[in-house]
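Q: I am attaching a structure below and will ask some questions about it afterwards.
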(Lines give C-alpha, C1' and ligand atoms only; values in the text may rest on other atoms or scores of the structure.)
Protein backbone atom coordinates (compact mmCIF):
# COMPACT_ATOMS: atom_id res chain seq x y z
CA UNK A 1 0.00 0.00 0.00
CA UNK A 2 2.59 2.60 1.09
CA UNK A 3 5.14 1.67 -1.56
CA UNK A 4 2.55 1.94 -4.32
CA UNK A 5 1.35 5.35 -3.17
CA UNK A 6 4.93 6.56 -2.80
CA UNK A 7 5.67 5.52 -6.40
CA UNK A 8 2.57 7.38 -7.61
CA UNK A 9 3.46 10.62 -5.83
CA UNK A 10 7.13 10.52 -6.85
CA UNK A 11 6.28 9.79 -10.49
CA UNK A 12 3.67 12.56 -10.54
CA UNK A 13 6.30 14.99 -9.20
CA UNK A 14 8.63 14.13 -12.08
CA UNK A 15 11.05 11.84 -10.29
CA UNK A 16 12.70 8.96 -12.10
CA UNK A 17 11.52 6.06 -9.97
CA UNK A 18 12.81 2.52 -9.73
CA UNK A 19 10.66 0.11 -7.75
CA UNK A 20 11.63 -3.27 -6.31
CA UNK A 21 8.86 -5.84 -6.81
CA UNK A 22 8.84 -9.33 -5.31
CA UNK A 23 6.65 -11.04 -7.91
CA UNK A 24 5.14 -10.58 -11.36
CA UNK A 25 1.77 -9.51 -9.96
CA UNK A 26 3.42 -6.64 -8.07
CA UNK A 27 5.61 -5.80 -11.06
CA UNK A 28 2.59 -5.31 -13.33
CA UNK A 29 0.44 -3.43 -10.79
CA UNK A 30 -1.17 -0.30 -12.22
CA UNK A 31 0.14 1.68 -9.25
CA UNK A 32 3.71 1.13 -10.48
CA UNK A 33 3.06 2.63 -13.90
CA UNK A 34 5.71 5.26 -14.54
CA UNK A 35 8.37 3.43 -12.55
CA UNK A 36 11.12 1.15 -13.75
CA UNK A 37 10.29 -2.12 -12.00
CA UNK A 38 13.12 -4.40 -10.88
CA UNK A 39 12.32 -7.92 -9.68
CA UNK A 40 13.91 -8.78 -6.37
CA UNK A 41 13.62 -9.05 -2.62
CA UNK A 42 15.27 -7.41 0.38
CA UNK A 43 16.59 -10.82 1.38
CA UNK A 44 18.43 -11.07 -1.97
CA UNK A 45 21.48 -8.80 -1.89
CA UNK A 46 22.23 -9.18 -5.60
CA UNK A 47 18.77 -7.96 -6.61
CA UNK A 48 19.12 -5.00 -4.26
CA UNK A 49 22.42 -3.97 -5.80
CA UNK A 50 20.79 -3.99 -9.23
CA UNK A 51 17.81 -2.02 -7.93
CA UNK A 52 19.74 0.83 -6.27
CA UNK A 53 22.52 1.20 -8.85
CA UNK A 54 22.59 4.80 -10.05
CA UNK A 55 20.00 6.00 -7.50
CA UNK A 56 20.51 9.10 -5.38
CA UNK A 57 17.88 8.25 -2.75
CA UNK A 58 16.32 5.07 -1.40
CA UNK A 59 12.98 4.70 0.38
CA UNK A 60 13.02 1.46 2.36
CA UNK A 61 9.34 0.59 2.79
CA UNK A 62 9.49 -3.21 2.59
CA UNK A 63 8.52 -5.09 5.74
CA UNK A 64 6.95 -8.32 6.86
CA UNK A 65 3.85 -7.57 8.94
CA UNK A 66 1.97 -9.82 11.37
CA UNK A 67 -0.19 -12.45 9.72
CA UNK A 68 -1.20 -15.98 10.56
CA UNK A 69 1.50 -18.59 10.10
CA UNK A 70 4.52 -16.27 10.02
CA UNK A 71 7.47 -17.63 11.97
CA UNK A 72 9.59 -15.45 14.25
CA UNK A 73 12.69 -16.05 12.13
CA UNK A 74 10.86 -14.72 9.07
CA UNK A 75 10.38 -11.35 10.76
CA UNK A 76 14.10 -11.21 11.50
CA UNK A 77 15.06 -12.26 7.97
CA UNK A 78 13.02 -9.52 6.30
CA UNK A 79 12.84 -6.68 8.82
CA UNK A 80 16.33 -6.95 10.30
CA UNK A 81 18.59 -8.70 7.78
CA UNK A 82 16.63 -7.11 4.93
CA UNK A 83 17.26 -3.65 6.33
CA UNK A 84 20.97 -4.42 6.64
CA UNK A 85 21.01 -5.62 3.03
CA UNK A 86 19.33 -2.44 1.80
CA UNK A 87 21.82 -0.24 3.64
CA UNK A 88 24.80 -2.21 2.36
CA UNK A 89 23.54 -1.99 -1.23
CA UNK A 90 22.89 1.74 -0.82
CA UNK A 91 26.40 2.31 0.54
CA UNK A 92 27.95 0.37 -2.33
CA UNK A 93 25.96 2.42 -4.87
CA UNK A 94 26.87 5.77 -3.29
CA UNK A 95 23.27 6.65 -2.44
CA UNK A 96 23.03 10.11 -0.91
CA UNK A 97 20.13 9.49 1.49
CA UNK A 98 18.05 6.58 2.77
CA UNK A 99 14.59 7.05 4.27
CA UNK A 100 13.87 4.08 6.49
CA UNK A 101 10.17 3.46 7.12
CA UNK A 102 9.87 2.08 10.64
CA UNK A 103 6.71 2.03 12.79
CA UNK A 104 5.30 3.45 16.01
CA UNK A 105 5.65 -0.12 17.32
CA UNK A 106 9.37 0.65 17.63
CA UNK A 107 8.52 3.35 20.19
CA UNK A 108 7.50 2.61 23.78
CA UNK A 109 3.91 3.82 23.54
CA UNK A 110 1.71 3.26 26.57
CA UNK A 111 -2.06 3.69 27.01
CA UNK A 112 -2.98 7.25 27.92
CA UNK A 113 0.58 8.55 27.49
CA UNK A 114 1.63 10.60 24.46
CA UNK A 115 4.95 9.34 23.08
CA UNK A 116 7.26 11.34 20.83
CA UNK A 117 10.56 10.93 19.02
CA UNK A 118 12.55 11.13 22.26
CA UNK A 119 10.70 8.10 23.68
CA UNK A 120 12.86 4.97 23.63
CA UNK A 121 11.97 1.54 22.23
CA UNK A 122 9.65 -0.83 24.12
CA UNK A 123 11.46 -2.45 27.02
CA UNK A 124 9.72 -5.72 26.18
CA UNK A 125 8.41 -5.76 22.58
CA UNK A 126 4.92 -7.30 22.38
CA UNK A 127 5.51 -9.40 19.25
CA UNK A 128 8.23 -10.76 17.01
CA UNK A 129 7.23 -8.08 14.50
CA UNK A 130 7.78 -5.31 17.06
CA UNK A 131 11.16 -6.70 18.08
CA UNK A 132 12.27 -6.98 14.46
CA UNK A 133 11.24 -3.40 13.67
CA UNK A 134 13.08 -2.12 16.74
CA UNK A 135 16.23 -3.96 15.62
CA UNK A 136 15.87 -2.81 12.01
CA UNK A 137 15.49 0.81 13.08
CA UNK A 138 18.56 0.60 15.31
CA UNK A 139 20.61 -0.76 12.40
CA UNK A 140 19.42 2.11 10.21
CA UNK A 141 20.14 4.83 12.78
CA UNK A 142 23.58 3.40 13.56
CA UNK A 143 24.55 3.25 9.89
CA UNK A 144 27.33 5.43 8.53
CA UNK A 145 24.96 6.48 5.74
CA UNK A 146 22.78 9.58 5.66
CA UNK A 147 19.62 7.98 7.09
CA UNK A 148 16.33 9.52 8.18
CA UNK A 149 13.65 7.41 9.91
CA UNK A 150 9.89 7.85 9.78
CA UNK A 151 7.58 6.08 12.24
CA UNK A 152 4.02 5.88 10.89
CA UNK A 153 1.05 5.16 13.14
CA UNK A 154 -1.62 2.65 12.07
CA UNK A 155 -1.78 3.24 8.30
CA UNK A 156 -5.13 3.21 6.52
CA UNK A 157 -6.28 4.20 3.06
CA UNK A 158 -6.67 2.73 -0.42
CA UNK A 159 -5.08 -0.73 -0.86
CA UNK A 160 -4.86 -1.35 2.90
CA UNK A 161 -4.91 -5.09 3.62
CA UNK A 162 -5.11 -4.77 7.39
CA UNK A 163 -6.73 -1.62 8.80
CA UNK A 164 -8.80 -1.51 5.62
CA UNK A 165 -10.53 -4.73 6.68
CA UNK A 166 -12.17 -2.91 9.59
CA UNK A 167 -13.52 -0.26 7.24
CA UNK A 168 -14.76 -2.92 4.83
CA UNK A 169 -16.57 -4.76 7.62
CA UNK A 170 -18.38 -1.56 8.51
CA UNK A 171 -19.30 -0.84 4.88
CA UNK A 172 -20.69 -4.36 4.47
CA UNK A 173 -22.84 -4.00 7.58
CA UNK A 174 -20.84 -6.61 9.47
CA UNK A 175 -19.90 -4.44 12.44
CA UNK A 176 -22.84 -4.79 14.85
CA UNK A 177 -21.11 -2.96 17.70
CA UNK A 178 -18.61 -0.16 18.25
CA UNK A 179 -15.63 -1.75 20.01
CA UNK A 180 -14.06 0.19 22.90
CA UNK A 181 -15.56 3.54 21.75
CA UNK A 182 -13.65 5.67 24.25
CA UNK A 183 -10.22 4.37 23.33
CA UNK A 184 -8.07 7.04 21.69
CA UNK A 185 -5.89 5.88 18.82
CA UNK A 186 -3.21 7.29 16.53
CA UNK A 187 -3.80 6.74 12.80
CA UNK A 188 -1.95 7.77 9.65
CA UNK A 189 -3.56 8.21 6.23
CA UNK A 190 -1.43 6.57 3.54
CA UNK A 191 -1.13 9.79 1.52
CA UNK A 192 0.22 11.59 4.59
CA UNK A 193 2.76 8.83 5.20
CA UNK A 194 3.94 8.89 1.58
CA UNK A 195 4.23 12.69 1.61
CA UNK A 196 5.92 12.54 5.00
CA UNK A 197 8.52 10.11 3.67
CA UNK A 198 9.23 12.40 0.70
CA UNK A 199 9.53 15.43 2.97
CA UNK A 200 11.86 13.45 5.24
CA UNK A 201 14.08 12.79 2.24
CA UNK A 202 14.02 16.47 1.27
CA UNK A 203 14.10 18.21 4.65
CA UNK A 204 14.78 15.64 7.37
CA UNK A 205 17.88 15.82 9.53
CA UNK A 206 20.26 12.90 9.34
CA UNK A 207 19.84 10.45 12.21
CA UNK A 208 16.45 11.87 13.22
CA UNK A 209 13.11 10.10 13.62
CA UNK A 210 9.78 11.59 12.60
CA UNK A 211 6.50 10.18 13.87
CA UNK A 212 3.78 10.35 11.21
CA UNK A 213 0.46 10.40 13.03
CA UNK A 214 -2.72 12.44 12.76
CA UNK A 215 -4.16 13.92 15.97
CA UNK A 216 -5.48 11.08 18.18
CA UNK A 217 -9.14 10.14 17.76
CA UNK A 218 -11.41 7.85 19.75
CA UNK A 219 -12.65 4.70 18.05
CA UNK A 220 -16.18 5.97 18.60
CA UNK A 221 -15.43 9.19 16.69
CA UNK A 222 -13.59 7.22 14.01
CA UNK A 223 -16.69 5.09 13.41
CA UNK A 224 -18.90 8.22 13.53
CA UNK A 225 -16.79 9.85 10.80
CA UNK A 226 -16.87 6.63 8.80
CA UNK A 227 -20.66 6.54 9.09
CA UNK A 228 -20.91 10.17 8.01
CA UNK A 229 -18.84 9.77 4.83
CA UNK A 230 -20.28 6.38 3.86
CA UNK A 231 -23.95 7.02 4.50
CA UNK A 232 -24.25 3.95 6.72
CA UNK A 233 -25.62 4.04 10.25
CA UNK A 234 -23.30 3.82 13.20
CA UNK A 235 -24.01 0.80 15.44
CA UNK A 236 -25.97 1.75 18.56
CA UNK A 237 -24.31 -0.83 20.80
CA UNK A 238 -20.81 -0.35 22.23
CA UNK A 239 -18.57 -2.86 23.95
CA UNK A 240 -15.73 -2.28 26.44
CA UNK A 241 -12.36 -3.95 26.06
CA UNK A 242 -12.84 -7.19 28.02
CA UNK A 243 -15.73 -8.65 25.96
CA UNK A 244 -14.00 -7.55 22.76
CA UNK A 245 -10.87 -9.50 23.82
CA UNK A 246 -13.03 -12.53 24.60
CA UNK A 247 -14.79 -12.44 21.22
CA UNK A 248 -11.56 -11.91 19.25
CA UNK A 249 -9.83 -14.75 21.11
CA UNK A 250 -12.75 -17.06 20.35
CA UNK A 251 -12.81 -16.12 16.67
CA UNK A 252 -9.08 -16.75 16.40
CA UNK A 253 -9.54 -20.11 18.12
CA UNK A 254 -12.06 -21.32 15.53
CA UNK A 255 -10.42 -19.64 12.55
CA UNK A 256 -9.05 -22.98 11.36
CA UNK A 257 -12.63 -24.07 10.78
CA UNK A 258 -14.17 -20.79 9.64
CA UNK A 259 -11.19 -19.75 7.49
CA UNK A 260 -11.69 -16.21 8.77
CA UNK A 261 -9.64 -14.20 11.21
CA UNK A 262 -10.73 -10.94 12.86
CA UNK A 263 -8.91 -7.81 11.62
CA UNK A 264 -7.46 -7.17 15.10
CA UNK A 265 -5.49 -9.32 17.52
CA UNK A 266 -5.83 -9.86 21.26
CA UNK A 267 -2.31 -8.46 21.71
CA UNK A 268 -3.23 -5.39 19.67
CA UNK A 269 -6.30 -4.75 21.81
CA UNK A 270 -4.46 -5.21 25.09
CA UNK A 271 -1.61 -2.89 24.16
CA UNK A 272 -3.83 -0.45 22.26
CA UNK A 273 -4.57 3.07 23.34
CA UNK A 274 -0.99 4.31 23.12
CA UNK A 275 -0.83 7.81 21.67
CA UNK A 276 1.84 9.33 19.44
CA UNK A 277 2.66 12.97 18.76
CA UNK A 278 3.07 13.68 15.04
CA UNK A 279 3.80 17.40 15.43
CA UNK A 280 7.55 17.19 14.82
CA UNK A 281 6.86 16.18 11.21
CA UNK A 282 4.43 19.08 10.94
CA UNK A 283 6.84 21.66 12.35
CA UNK A 284 10.17 20.43 10.93
CA UNK A 285 9.11 18.88 7.64
CA UNK A 286 6.05 20.96 6.81
CA UNK A 287 3.72 17.96 6.67
CA UNK A 288 0.03 18.82 6.84
CA UNK A 289 -2.23 15.96 7.92
CA UNK A 290 -5.37 15.20 5.96
CA UNK A 291 -8.57 15.75 8.00
CA UNK A 292 -9.92 12.38 9.15
CA UNK A 293 -13.24 12.67 7.32
CA UNK A 294 -11.50 13.55 4.05
CA UNK A 295 -9.11 10.60 4.46
CA UNK A 296 -11.97 8.22 5.22
CA UNK A 297 -14.02 9.54 2.29
CA UNK A 298 -11.12 8.81 -0.07
CA UNK A 299 -10.72 5.33 1.40
CA UNK A 300 -14.44 4.51 1.20
CA UNK A 301 -14.63 5.72 -2.41
CA UNK A 302 -11.68 3.51 -3.38
CA UNK A 303 -13.12 0.44 -1.66
CA UNK A 304 -16.48 0.90 -3.33
CA UNK A 305 -14.86 1.47 -6.72
CA UNK A 306 -12.87 -1.76 -6.34
CA UNK A 307 -16.02 -3.62 -5.34
CA UNK A 308 -17.91 -2.33 -8.39
CA UNK A 309 -15.05 -2.83 -10.87
CA UNK A 310 -15.43 -5.82 -13.21
CA UNK A 311 -13.18 -8.81 -12.52
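Q: Just to verify a result, which residue in region 281-299, among those that are part of a helix (DSSP H, G or I) and under 18 Å from the mean Cα position of the chain (by Cα), is nearest to residue 165 (Cα to Cα)? Quick ask: steps written out before the conclusion?
A: Step one: of region 281-299, the residues part of a helix (DSSP H, G or I) are 281-285, 292-299.
In the following step, the residues that additionally are under 18 Å from the mean Cα position of the chain (by Cα) were identified as 281, 292, 295-296, 298-299.
On the way: 281: 28, 292: 17, 295: 16, 296: 13, 298: 15, 299: 11 Å.
Checking each candidate, the answer is 299.
Q: Only one of (1) modelled with pLDDT of 95 or more; (2) within 21 Å of residue 274 (Cα to Cα); (3) in a helix (DSSP H, G or I); (4) touching a strand residue (DSSP E or B) at 6+ places or on another chain (Cβ under 7 Å) fails for residue 224. Which number is that?
A: Only one criterion in (1) modelled with pLDDT of 95 or more; (2) within 21 Å of residue 274 (Cα to Cα); (3) in a helix (DSSP H, G or I); (4) touching a strand residue (DSSP E or B) at 6+ places or on another chain (Cβ under 7 Å) is unmet by residue 224, namely (4).
Q: Still on this structure, I have one more. Output the number of the condition that residue 109 fails; it satisfies all remaining conditions of (1) closer than 16 Å to residue 275 by Cβ; (2) surrounded by fewer than 20 Cβ atoms within 10 Å (Cβ to Cβ).
A: Condition (2) is where residue 109 drops out.
Q: Do we find a residue being in a strand (DSSP E or B) and over 30 Å from residue 247 (Cα atoms) anywhere in region 151-161? Don't jump to the end; show me each part of the working.
A: First, the residues of region 151-161 that are in a strand (DSSP E or B): 151-152, 154-156.
So of that shortlist, the ones also over 30 Å from residue 247 (Cα atoms) come out as 151.
Within region 151-161, one or more residues are in a strand (DSSP E or B) and over 30 Å from residue 247 (Cα atoms).
Q: Being over 30 Å from residue 142 (Cβ atoms) and either modelled with pLDDT of 95 or more or outside any helix (DSSP H, G or I) (or both), is that true of even one residue in region 188-204? Full working, then the answer.
A: In the first step, residues of region 188-204 are kept if they are over 30 Å from residue 142 (Cβ atoms); the result is 189, 191.
From the residues that got through so far, the ones that are either modelled with pLDDT of 95 or more or outside any helix (DSSP H, G or I) (or both) too are 189, 191.
Yes - at least one qualifying residue is present in region 188-204.
Q: Hey, can you tell me all the residues within region 266-280 that are more than 16 Å from the chain's Cα centre (by Cα) and either assigned to a helix (DSSP H, G or I) or modelled with pLDDT under 65 (or both)?
A: Result: 266, 267, 269, 270, 271, 279, 280.
Q: While we're looking at this one, here's another question. Of the residues in region 105-122, how many are under 24 Å from residue 71 (Cβ atoms) and either touching a residue at least 60 places away in the same chain (Cβ under 8 Å) or over 16 Å from the mean Cα position of the chain (by Cα) (or both)?
A: Let us first name the residues in region 105-122 that are under 24 Å from residue 71 (Cβ atoms), namely 105-106, 121-122.
This time we only want the ones that are either touching a residue at least 60 places away in the same chain (Cβ under 8 Å) or over 16 Å from the mean Cα position of the chain (by Cα) (or both), so: 121-122.
Residues flagged as under 24 Å from residue 71 (Cβ atoms) and either touching a residue at least 60 places away in the same chain (Cβ under 8 Å) or over 16 Å from the mean Cα position of the chain (by Cα) (or both) within region 105-122 amount to 2.
The values are calculated or read from the model by the stated rules, or taken from the named source; none is laboratory data. Just so it is clear, the structure is predicted and the values come from calculations on it, not from any experiment. When we count neighbours, we look across all protein chains shown, and the Cβ atoms used for this are built from the backbone with ideal geometry, even at glycine.
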